[in-house]
Amino acid sequence: SQATAMVTYRPADCVPHLMVLLGRIYKGVREQLRDSDCYSFHVQRAVEYILSNYQGNITLEFLSDYLGINKSYLSTLFKQETGQTFSQFLNSVRVEQSKKHLQEKDTSILDVALTVGFSNQNYYGTIFKRLTGMTPSEYRIAGEV
């Protein structure tokens with residue numbers, strides 16, 4: 001029979017291994033918290049509403065009434081959890097959606113802006129450039145290449 005050597009570890013010997021393990025667990029939890037599924041109930045509902053209704057006239061006031069919570073509370077919670085203000089988030093959703101419409105060459109930029117919920121073509125152009133680094137026209141031309 002083969003003799004097995006018994007190795008004894010002192011608790012202090014385990015500390016470095018435990019630290020590595022805890023670091024891996026912490027990293028995994030941090031990554032999960034960035035997923036939209038980890039938003040609080042109210043922020044999750046707000047995000048879902050925005051994604052479904054971005055074309056309409058959505059205001060923070062309307063959304064807080066819709067959710068039945070205080071406007072300031074929603075604003076603070078939204079910024080804490082998404083890393084963006086309500087307006088920044090809404091504008092980024094609208095710009096992303098507008099990119100699809102810009103691929104349709106016969107649709108005017110004004111029509112694209114109005115379709116995704118912007119009420120002003122100039123404001124749309126300003127926000128689009130801020131978020132993408134190019135104008136809607138430049139984006140459209142770049143897509144042709």
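The values are calculated or read from the model by the stated rules, or taken from the named source; none is laboratory data. Here the structure is a predicted model, which is why all the values come from computation and not from measurement. Methodologically, a virtual Cβ is constructed for each residue, glycine included, from the backbone with ideal geometry; neighbour enumeration extends over all protein chains shown. SASA here: full protein model, heavy atoms, side chains in, ligands and nucleic acids out. Shrake-Rupley method; radii C 1.70, N 1.55, O 1.52, S 1.80 Å.
According to the Kirkwood relation over distinct C-alpha pairs, the hydrodynamic radius of segment 32-145 is 15.0 Å.
What size of dipole, in debye to the nearest 20, comes out for segment 45-145 about its Cα centre when the only charges are +1 on Lys and Arg C-beta atoms and -1 on Asp and Glu C-beta atoms? Walk me through the numbers on the way to the answer.
Details: 10 positive and 10 negative charges, 43 e Å.
So the magnitude is around 200 debye.
Please list 63, 114 in order of solvent-accessible area, largest first, computed with a 1.4 Å probe with all protein chains present. Intermediate values should be presented prior to the final figure.
On the way: 63 0, 114 90 Å².
Reading off the accessible areas and sorting them downward yields 114, 63.
Computed with every protein chain present, the accessible area of residue 62 is close to 90 Å² [probe 1.4 Å].
A 29 angstrom limit on the alpha carbon distance is what I want to check against. Which of 79/105; 105/129; 79/129 exceed it?
Details: 79/105 36 Å; 105/129 19 Å; 79/129 22 Å.
Beyond 29 Å: 79/105.
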